[in-house]
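Here is the structure we will look at.
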Amino acid sequence: MTELFEAVDAADRDLALRAGGLLGQFNSAGVLTAADVHVARAVGLVAGEHDETVLLAAALACRAVRGGAVCLDLQTLDRDVAPDLPWPEAESWRAAIAASRRVEQGVLRHEQGAGHDLVYLDRYHEQETQILHDLTARAGSTPPHDAALMAATLDRVFAKPGYAEQRAACLSAAGQWTTVITGGPGTGKTTAVAGLLVALHEQYAAQGQPVRIALTAPTGRAAARLQESLRQARLDPDDHDRLSGVEAMTIHRLLRLDPGNSTRFRHHRANRLPHDVVVVDETSMVSLTLMARLLEAVRPDARLVLVGDPDQLASVEAGAVLNDIVTGYHSRPDTPVAQLVTAHRFGDEIGALARAIRDGDADAALEELARGGERVRWVQGGDDPAVREAALGAAQALCSAATGYAHGADVLKALEQHRLLCAHREGPYGVRHWNRRVEHWLADTTATPVHEWAYVGRPVLITANDYVLGVYNGDSGVVVDTPEGRRVVVAGPDGPRLFAPARLGDVETMHAMTIHKAQGSQARHVTVVLPDEESRLLTRQLFYTAVTRAQEQVTVVGPEEWVRAAIGRVAQRASGLAVRLAGAGSGHGHETPSS
């Protein structure tokens, strides 16, 4: 835990009114919420557990899950964030948990090993164990394939120089049921996927069989971008035709939600997906629970291709599965991970800054920022004219394109010229604040009626999936003026589409957007507004994700101490998957008597 806590007062909804003992003290200090306390007490009643230190561990494990971790790691627990609280002594606490009736009954799980001491709620231990077993089982055999045909296809698809990494990744994927293709933005991950799908199409065609392909991603916008990227891949017309009928969709839509159960799907271990190849893009955003559901639904004899950047932000829910998989397989000779390292999206200046952030080298990052240039700009104060110039210029250009509307592609292209990214939604460094500032600047310099919901040139972000309309959470659009009246133009899989503003209920203004929402997208120029150094969201992964949204230029807003705080603070999500995967490669899993 790295947060700073504030005491909970008597009127706060996070105060558990009847909580006493350790739970009450930690709740009053703001370390635990009422929900953490109630879960720990309820599970204690079920298991007949009365040891306060064990109840505290359960409550902290519940809190860890809410923070994105899979479990509580007692060895890395930072007691200094609340030093005045009566933290249990480490050895006696560990012994009490190991001897607890909760652990004996499987309500809690306890695993100990070199460098970690993990306490799980049973649900997340079960999901982590299932992922481990499914990945291990899939690695136990190899898919049949014609190696000579595969090599010949890849030689044709990647005939142009500069694609050696992509070709090697595809050759690796040919001989294994699970493949993980990783790399930073612009390293050609989608190009590798396109080449692999063409090669597998020819493999199946040689056997006189069609290949059933599923393209999927955690969000609707990421799925649409995957399909768009495949359509733009540098392939021969015949190869494009082979992939033309494949539709990308969200993982939830692929697995088909069960109307009677919010955590289960219609496709599962007893009703597998029919596809021969399942490609998952933006896998870093996939939670532990969703990955477990996906793995149990994919046929054992179907290829699974996981694509993503493990250095980017993880899922908003519990787990950092892609990072755990990459870390766990790192030292194994049978690793399914193919890493692409050569970036093609942006120039050397942005690439050097991104690498310095990713590697945790604050001095090198600050040196790149201070050097400046055409690609990288550093603004140490939020009121710098350069920020206003970039944000207002983009808003004015959007209004101009939307007013003289001729074609949706032109307006959407204008929308992709600039992104103002924030960590928070609220506060002086948040999205709402910056949206208001841009609209005030726009109103002061033009006649744009920004008080109207559907003013011409308003950029909008769709915040909920609508499968009837075919728009998804994360899609973006612009209000435009057409002969038929005002419409919202939104990018679709077959080109721009127009909707009446009233049909799009779940939208918000997008002069600025959160870095989490921007994940999976890109813009020509990106302005990154860092929050102050006390922000809980300010991490290396957040900063790296924001900077790597830029194609040609990035502006970083924030003083040196905030930059150093961002690079020095790594979002750690406690999990046992990586070490258990590494152990599985040496012929033994990672289990302890207390688990």
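Mind grabbing the base-10 log of I(q)/I(0) for region 440-493 at q = 0.14, 0.16, 0.19, 0.26 Å⁻¹? Debye formula, identical points on the C-alpha positions, no solvent, two decimal places.
Debye intensities relative to I(0), on a log10 scale: -0.44, -0.56, -0.73, -1.04.
With the Cα gyration tensor of region 185-295 giving a ≥ b ≥ c as the square roots of its eigenvalues, does the rule (a/c under 1.5 for rounded; else a/b larger than b/c for prolate; else oblate) give rounded, prolate or oblate? Walk me through the numbers on the way to the answer.
On the way: a/c = 2.37, a/b = 1.46, b/c = 1.62.
Here region 185-295 falls in the oblate category.
Give the value in nm², to one decimal: projected area of the alpha carbon convex hull of region 462-501, averaged over all directions.
Details: hull surface 11.4 nm².
Computed as one quarter of the Cα hull surface, the answer is 2.8 nm².
Taking just the alpha-carbon atoms of the chain, what radius of gyration and Dmax come out, in angstrom?
Just the Cα atoms of the chain yield Rg and Dmax of 25.2, 75 Å.
Given bins 10 angstrom wide, list per bin the percent of all Cα-Cα distances in region 267-426, short to long.
Taking every Cα pair in region 267-426, the percentages come to 8, 22, 28, 24, 14, 3, 0.
Classify region 459-595 as rounded, prolate or oblate, taking a ≥ b ≥ c as the square roots of the eigenvalues of its Cα gyration tensor: rounded when a/c is under 1.5, otherwise prolate if a/b is larger than b/c and oblate if not.
Working: a/c = 2.97, a/b = 1.62, b/c = 1.83.
Verdict is oblate for region 459-595.
For region 238-370, with all protein chains present and a 1.4 Å probe, just round the carbon and sulfur fraction of the accessible area to a whole percent. Kindly include the intermediate steps, with their values, before the conclusion.
Values: 2430 of 5500 Å².
Looking at region 238-370 in its full context, I get 44 percent from C and S.
Each label point is 7 Å from the Cα along the Cα-to-Cβ direction; what then is the distance between the points at D348 and D122, in nm?
5.9 nm
So if we plug the beta-carbon distance of R388 and E484 into 1/(1 + (r/R0)^6) with R0 = 41 Å, what FRET efficiency do we get, rounded to 0.05? Write down the numbers at each step before the final one.
Values: r = 35 Å, r/R0 = 0.85.
After rounding to 0.05, the efficiency reads 0.75.
Return the sequence-ordered ³J(HN,Hα) values of region 65-81 in whole Hz as given by the Karplus equation 6.51 cos²θ - 1.76 cosθ + 1.60 applied to θ = phi - 60°, using x for Gly and Pro.
My calculation for region 65-81 gives 5, 4, x, x, 7, 8, 7, 9, 9, 5, 6, 9, 5, 8, 7, 5, 5 Hz in order.
What is the calculated FRET efficiency for R332 to A397, with r their C-beta to C-beta distance and R₀ = 41 Å, to the nearest 0.05?
Once the sixth-power term is evaluated, E becomes 0.25.
Determine the calculated [θ] at 222 nm for the chain from helices alone, applying -39500 (n - 2.57) to every DSSP H run no shorter than 4 residues and normalising by the residue count; nearest 500 deg cm²/dmol. Can you show the working numbers first?
Values: 23 runs with 243 residues, N = 595.
About -12000 deg cm²/dmol.
Sort the following peptides by mean Cβ neighbour count (other Cβ atoms within 10 Å, averaged over residues), highest first: 531-544, 282-295. Present the calculation step by step, with values, prior to reporting the outcome.
Working: 531-544: 20.1, 282-295: 24.2.
Averaged packing, sorted descending, gives the order 282-295, 531-544.
Please work out the ratio of the alpha-carbon Rg of region 336-484 to 2.2 N^0.38 Å and round it to two decimals. It would help to have the intermediate numbers written out before the result.
Working: Rg = 18.5 Å, N = 149, 2.2 N^0.38 = 14.7 Å.
My calculation over the Cα atoms of region 336-484 gives 1.26.
Quick one: plug the Kirkwood hydrodynamic radius of region 228-271 (C-alpha pairs) into Stokes-Einstein at 20 °C, 1.002 mPa s, and report D in µm²/s.
Numbers: Rh = 12.9 Å.
The diffusion coefficient I find is 166 µm²/s.
Could you list which residues have their amide H under 5 Å from that of M249, counting only those 5 or more apart in sequence or on another chain, with H placed in the peptide plane?
Placed amide hydrogens put L215, T216, A217 under 5 Å from M249.
Share of antiparallel DSSP beta bridges in the chain, in percent to the nearest 5?
Working: 29 of 68 bridges.
DSSP beta bridges in the chain are roughly 45 percent antiparallel.
Would you work out the relative contact order for the chain, in percent, from Cα pairs under 8 angstrom that are 6 or more residues apart?
Details: 1134 pairs, mean separation 85.1, N = 595.
Averaging sequence separation for qualifying contacts and normalising by length gives 14 percent for the chain.
Using the reciprocal of the averaged 1/r over all distinct C-alpha pairs, how large is the Kirkwood radius of region 526-587 in Å?
Numbers: mean 1/r = 0.0741 Å⁻¹.
Hydrodynamic radius (Kirkwood, Cα pairs) of region 526-587 is 13.5 Å.
Could you work out how far the C-alpha centroid of region 46-114 sits from that of region 251-323, in angstrom?
29 Å
Assuming a ≥ b ≥ c are the square roots of the Cα gyration tensor eigenvalues, decide whether region 401-506 counts as rounded (a/c under 1.5), prolate (otherwise, with a/b larger than b/c) or oblate. If you can, show how the numbers build up before the last one.
Working: a/c = 1.74, a/b = 1.22, b/c = 1.42.
Oblate, because a/c is 1.5 or more while a/b does not exceed b/c.
Simple spin-label model, 7 Å along Cα-to-Cβ: S141 to L171 in nm?
Simple spin-label model gives 2.6 nm for this pair.
So which trypsin sites (Lys or Arg not before Pro) in region 138-243 pass both tests, a DSSP loop state and at most 15 other Cβ atoms within 10 Å of the Cβ?
Values: sites: R138, R156, R167, K189, R212, R221, R225, R231, R234, R242; in loops: R212, R234.
Answer by residue number: R212, R234.
What list of ³J(HN,Hα) values in whole Hz, one per residue of region 538-543 in order, does the Karplus curve 6.51 cos²θ - 1.76 cosθ + 1.60 (θ = phi - 60°) give from phi, with Gly and Pro shown as x?
Running phi through 6.51 cos²θ - 1.76 cosθ + 1.60 with θ = phi - 60° gives 6, 9, 4, 4, 5, 5 Hz.
Compute the accessible area per residue over the chain, keeping the other protein chains in place, probe 1.4 Å, unit Å². Don't skip to the answer; put the middle values down first.
Details: 25350 Å² over 595 residues.
Per-residue accessible area for the chain comes out at 43 Å².
Just to be sure I understand: if I project the alpha-carbon convex hull of region 72-124 onto a plane and average over all orientations, what area do I get in nm²?
On the way: hull surface 16.4 nm².
Hull-based average projected area comes out at 4.1 nm².
What is the local net charge at P274, summed over the other residues whose Cβ is closer than 13 Å to its Cβ (Lys, Arg +1; Asp, Glu -1)? Don't jump to the answer; show the numbers that get you there.
Values: positive: R212, R256, R266, R272, R299; negative: D276, D301.
Counting the neighbours of P274, the net charge comes to +3.
Can you compute the modelled spin-label distance between K160 and D238, with each label point 7 Å from Cα toward Cβ, in nm?
That separation, rounded to one decimal, is 1.9 nm.
Given a 1.4 Å probe and every protein chain left where it sits, what share in percent of the accessible area of region 530-588 is carbon and sulfur?
On the way: 920 of 2090 Å².
Its accessible area is 44 percent carbon and sulfur atoms.
Karplus couplings for region 287-302 from phi (6.51 cos²θ - 1.76 cosθ + 1.60, θ = phi - 60°), rounded to Hz, Gly and Pro as x?
In residue order, the calculated couplings are 6, 4, 4, 5, 5, 4, 5, 5, 4, 6, 8, 6, 4, x, 9, 10 Hz.
Evaluate E = 1/(1 + (r/R0)^6) for H440 and E89, where r is the Cβ-Cβ distance and R0 equals 45 Å; express this FRET efficiency to the nearest 0.05. Please report the intermediate quantities before stating the final value.
On the way: r = 56 Å, r/R0 = 1.24.
It comes to 0.20.
Count neighbours as other Cβ atoms within 10 Å of each site's Cβ, and list the GluC sites (Glu not before Pro) in region 380-431 that are DSSP loop with at most 10 such neighbours. Write out the running numbers ahead of the final one.
On the way: sites: E389, E416, E426; in loops: E416, E426.
Loop-located and lightly packed - E426.
Compute the signed sum of charges (Lys and Arg +1, Asp and Glu -1) over the other residues within less than 10 Å, Cβ to Cβ, of Q75. Don't jump to the answer; show the numbers that get you there.
Numbers: positive: R94; negative: D73, D117.
Summing Lys and Arg as +1 and Asp and Glu as -1 gives -1.
Multiply the residue gap between V316 and Y204 by 0.36 nm, knock off their C-alpha separation, and tell me the result in nm, one decimal place. Show your work: numbers first, answer last.
Working: separation 112, 0.36 × 112 = 40.32 nm, distance 3.76 nm.
My answer for the length gained is 36.6 nm.
Would you grab the residues whose amide H sits under 5 Å from the one on V507? Only those 5+ places off in sequence or on another chain, please, with H modelled 1.01 Å from N.
Residues meeting the amide H criterion: T463.
How far, in nm, would the chain grow between H50 and D363 when pulled straight, counting 0.36 nm per residue and subtracting the alpha carbon separation? Can you show the working numbers first?
Values: separation 313, 0.36 × 313 = 112.68 nm, distance 5.05 nm.
Gain in length upon complete extension: 107.6 nm.
Express in nm, to one decimal, how much length is gained between S521 and R256 on full extension, taking 0.36 nm for each residue of separation and deducting their alpha carbon distance.
So the chain would gain 92.9 nm between S521 and R256.
Can you give me the long-range amide H partners of D117? Hydrogens built in the peptide plane at 1.01 Å from N, cutoff under 5 Å, separation of 5 or more residues or another chain.
Counting only residues 5 or more places away or on other chains, the set is L74, Q75, T76.
Could you tell me, in Å, what Rg and Dmax come out for the Cα atoms of region 418-465?
Looking at region 418-465, its Cα Rg and Dmax stand at 11.8, 35 Å.
Using the Kirkwood formula on the Cα atoms of region 478-553, what hydrodynamic radius do you get, in angstrom to one decimal?
Details: mean 1/r = 0.0669 Å⁻¹.
Over region 478-553, the inverse of the mean reciprocal pair distance is 14.9 Å.
Viscosity 0.890 mPa s, temperature 25 °C: what is the translational diffusion coefficient of region 101-142 from Stokes-Einstein with a Kirkwood Rh over Cα pairs, rounded to a whole number of µm²/s? Intermediate results must be reported in sequence, preceding the final value.
Values: Rh = 11.6 Å.
Diffusion coefficient, whole number: 211 µm²/s.
Would you mind counting up the charge near A248? Only other residues with Cβ under 9 Å from its Cβ, with Lys and Arg at +1 and Asp and Glu at -1.
Values: positive: R225; negative: E228, E247, D281.
Result for the local shell: -2.
Carbon and sulfur together cover what percent of the accessible area of region 377-419 at a 1.4 Å probe radius?
On the way: 1030 of 2090 Å².
Ligands and nucleic acids excluded, carbon and sulfur give 49 percent.
The values are calculated or read from the model by the stated rules, or taken from the named source; none is laboratory data. Keep in mind the model is a prediction, meaning the values are calculated, not measured. Glycine gets a Cβ as well: all are built from the backbone with ideal geometry, and neighbour counts include every protein chain shown. Calculation scope for accessible area: heavy atoms of the full protein, side chains included, ligands and nucleic acids excluded. Shrake-Rupley method; radii C 1.70, N 1.55, O 1.52, S 1.80 Å.
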